[in-house]
Amino acid sequence: MKTLITLVFYLIFSQFSIAQNGFVIDHRHADLAQIPESYINLAKQNLKIRYFRRSHGSQIDIGGMAALRRFSSDYNTLYSYNSTGANGELFLDVEWHSLDIENSTWVQITRDYLNNAANSQVNVVMWAWSSGFFDCDVDQYLSDMEMLIGEYGPVGSMITSGQRTVPVTFVFQTACGQSSTDRNQLVYEGNKQIRQFCVDNNRILFDFNDIECYNPDNQYFGDGNPDGSYTNERLLNDDLSYNVASGRGNWGIEWNNANPTSELKLLSADNICTECAHSMGEDEGEIKDNSRLHCVLKGRAAWWLWAKLAGWGVENASSQSSTSESLSENNLNGAVINFSLFNETFADNNLSAVNFILNNAPNGTAIESIDYINSTHADINLSFNGTDFDTNYNNFSITVLNQELIGNNNLQSNSISIDAVVEDNPSVNISSATQLTESNLDNAIINLSLNYETFADNNLSTNNFILNNIPNGTAIESIDYINSTHADVNLSFDGTDFDTDINNFSITVLNQELNGNNNLQSNSISIFAEDENSASAIAIPNQELSESNLENSEIAINLTNETFSLTGRGEIESFVLNNAPAGLSIETISQISDSEINLQLSFSGQDFDNDIDDFSITILSNQLTGNQDLTTNNLSIEADINTKIIDDFNREEKKISLFPNPNNGIFYLKFNSNFYGKVTFVILNQSGTKVYENNFNVIKGEQTLSLDLQKLKKGVYLIYSDIIKKSRKIIIK
């Protein structure tokens, strides 16, 4: 039986006091029509906000909030703000900082600002993350925010001691998206940690990144799986661009093009949303289409934040349904509905499906189960028996009965759409994230998608998937069921040599795995052979090359199936630098062996501002025993647009022991580090193809790391990393 207990505490200060109950502002909070005008006016009367930010954070104020004021005279009056609160406008004092929030000095900057008597009436502080978030310590950020709340919050030490009379509400914020593969997961996991912390600790969160992940139709474009785990499938960026089969799409541009008369589209226009950092149409020399829709959404969500801080919603309970992908006839079976409560909580963690009603659902749809997440969130798992429908359902919603709630009222969620599928000929499509070659075929993953067909269940047998036109020694290792129309086929390859490209590799899915009665054969993709006997040259720098470290950098060149000649060896003019920056040349050449030399570079320091991704070295034939020139693999040289800091880790060669060598695939690396950070190790085969890469976190002092290379075939490989000045040969026996 539910027991309703309401405890109300009042803290009275000399000025307006903001309730400190936690809540989240995210993609669900961009509809201005839902905000009572009275709370907009209360926010303008009572809030005094200090907003510290860099360029990404400006998407809120001079982006979306400013666009509202330009849109119409009514909006200009209602959603007005300035830095002093004069003329009845919202007090929003913005300061741009050159440091990002990862810099610990932001805490002292906050204290200095709040301790200044001129700012004694400020009652809201929010800092915005910028693009440096991937390199930040999220635990430290959360700890620092709690420390500030403990000092300046309603019962903080500065308040209880009387040093300050007006308590401060601190708003947490997530970070913008990053498309770089080495940053994307760090941003995703860090944002996930911030969200969970705010929910667990009843904090206020402006979920900046969540707004970037959903279009106005609630379609998800982020990098999370439904279970919360990470996927690098989309690599969503801060300008709303994401991976598609043909390259990169942009959901902001796509949605605006599909909704040309909507207010959101009109607000995104160049003359209305005149500023949207990193989404302006031209960013750092790259011309792109205007993708400012997210700035508009962030500006609208900001007014939800201000209204909530002013007290709106305390008495208004509501519920919200959302999905990680658009619902359709094909994916309805097994779909997960994310169900959220606002200003209401579940009575307990035992949720019964009979107390959740599906409104306007297709025939054959039911609730399979409900997973309790926390007191305000649940996942509703649907089942669908496949009953055909050809008309879209645009008003599907869910009602939770009051038996499940602390309050006394039933709550009906918002409406979402379920798209019908007009059946066509079933087909299957395969693709691979990387080009398939003889060297990467082992452990390769084939993405398999069904069209106008679904798997009969989630138990997929390798016996029912046939590989057509495949090299000898290739088999299916396992199959991962993703959903009713998608699976990952994991290949194994024993290394049997083949020297002719295969251009018609395909997969047949037997009807035992399908709801239909017919076998399906996929499209064809290619697998490229490698000529192991051809001569090649591999260039391995002693460090990641950049404009600031080119001088005296060294590059080792290793030959495969070729040797350096005994005559004319070491002539600098016989080594040609391709696509090199002006002022870069070879200082000296050192002979290591008949198949390895070391080049030391010289650089005049001439400035360049564009990264170079295709720097290589050609060895003229007069330096080789063969008759052909050889060109190495491409290397990257990073430009320094601004002055960059090179840490001691990149300046000094570390003494490192690699043992035992040779062995059966387990190697140990022992070294002494003078810093905390990340080290990347890369293994190349004799053809110069990368066959292994892994990142390790190192600590100060002596340590030993292990490399497990047992999956690699027997043979000779090259290893290099940030801490190995010259490449080293390792042998797996």
Q. Which of the residues spanning the stretch 452-482 are surrounded by fewer than 18 Cβ atoms within 10 Å (Cβ to Cβ) and outside any loop (DSSP other than H, G, I, E, B)?
A. THR462, ASN463, ASN464, ILE466, LEU467, ASN468, ALA475, GLU477, SER478, ASP480, TYR481, ILE482
Q: Might you check whether a residue that is under 30 Å from ALA269 (Cβ atoms), assigned by TED's automatic domain parsing to the domain that holds LEU205, free of Cβ contacts under 8 Å to residues at least 40 places away in the same chain and touching a Lys or Arg at 6+ places or on another chain (Cβ under 6 Å) occurs anywhere in the stretch 76-93?
A: yes
(Q) Take the conditions assigned to a strand (DSSP E or B), modelled with pLDDT of 75 or more and not assigned by TED's automatic domain parsing to the domain that holds GLU562 and apply them to LEU599. Does it pass? (A) no
Q) Listed residues SER179, SER120; which is in contact (Cβ under 8 Å) with a residue 40 or more places away in the chain, farther than 30 Å from PRO226 by Cβ, small (Gly, Ala, Ser) and assigned by TED's automatic domain parsing to the domain that holds ARG234? A) SER120
Q.
I'd like to check something: does the stretch 221-230 contain any residue that is at pLDDT below 85, surrounded by 14 or more Cβ atoms within 10 Å (Cβ to Cβ) and part of a loop (DSSP other than H, G, I, E, B)?
A. yes
Q | Flag if THR437 is surrounded by 14 or more Cβ atoms within 10 Å (Cβ to Cβ), within 23 Å of ASN468 (Cα to Cα), of a type outside the set (Asp, Glu) and in contact with an Asp or Glu (Cβ under 8 Å, 6 or more places away or on another chain) | A | yes
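For every residue, the table says whether it meets (1) surrounded by 18 or more Cβ atoms within 10 Å (Cβ to Cβ); (2) outside the structural domain of ASN622 (by TED's automatic domain parsing); (3) part of a loop (DSSP other than H, G, I, E, B).
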{"site": "ASN549", "(1), (2), (3)": "yes, no, yes"}
{"site": "ASN552", "(1), (2), (3)": "no, no, yes"}
{"site": "GLU573", "(1), (2), (3)": "no, no, no"}
{"site": "THR588", "(1), (2), (3)": "no, no, no"}
{"site": "GLN591", "(1), (2), (3)": "no, no, no"}
Q: Considering only the stretch 631-711, give the strands (runs of 3 or more DSSP E) lying wholly within it that have at least 2 residues that are at pLDDT below 80 and surrounded by 17 or more Cβ atoms within 10 Å (Cβ to Cβ).
A: 666-673
(Q) Can you list residue pairs whose Cβ atoms sit under 6 Å apart, with the first residue in the stretch 451-469 being farther than 14 Å from LEU514 by Cα and assigned by TED's automatic domain parsing to the domain that holds LEU510 and the second being aromatic (Phe, Trp, Tyr) and not in a loop (DSSP other than H, G, I, E, B)? Count only pairs 6 or more apart in sequence or on different chains. (A) ASN469/PHE505
Q.
Out of the residues in the stretch 76-94 meeting the condition of being touching a helix residue (DSSP H, G or I) at 6+ places or on another chain (Cβ under 7 Å) and aromatic (Phe, Trp, Tyr), tell me which one is nearest to ASN46 (Cα to Cα).
A. TYR81
Q: Determine which member of the set LEU510, LEU520, LEU514 is touching a helix residue (DSSP H, G or I) at 6+ places or on another chain (Cβ under 7 Å) and either surrounded by 14 or more Cβ atoms within 10 Å (Cβ to Cβ) or within 30 Å of LYS713 (Cα to Cα) (or both).
A: LEU510
Q.
Can you pull out every residue in the stretch 24-55 that is of a type outside the set (Ser, Thr, Tyr) and within 27 Å of ASN115 (Cα to Cα)?
A. LEU42, ALA43, LYS44, GLN45, ASN46, LEU47, LYS48, ILE49, ARG50, PHE52, ARG53, ARG54
Q: All but one of (1) modelled with pLDDT of 85 or more; (2) hydrophobic (A, V, I, L, M, F, W, C); (3) surrounded by fewer than 22 Cβ atoms within 10 Å (Cβ to Cβ) hold for ILE211, so report the exception by its number.
A: (3)
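The values are calculated or read from the model by the stated rules, or taken from the named source; none is laboratory data. Remember, predicted model here, so these are calculated numbers, not experimental data. In this analysis, Cβ positions are derived from the backbone assuming ideal geometry, glycine residues included, and neighbour counts consider all displayed protein chains.
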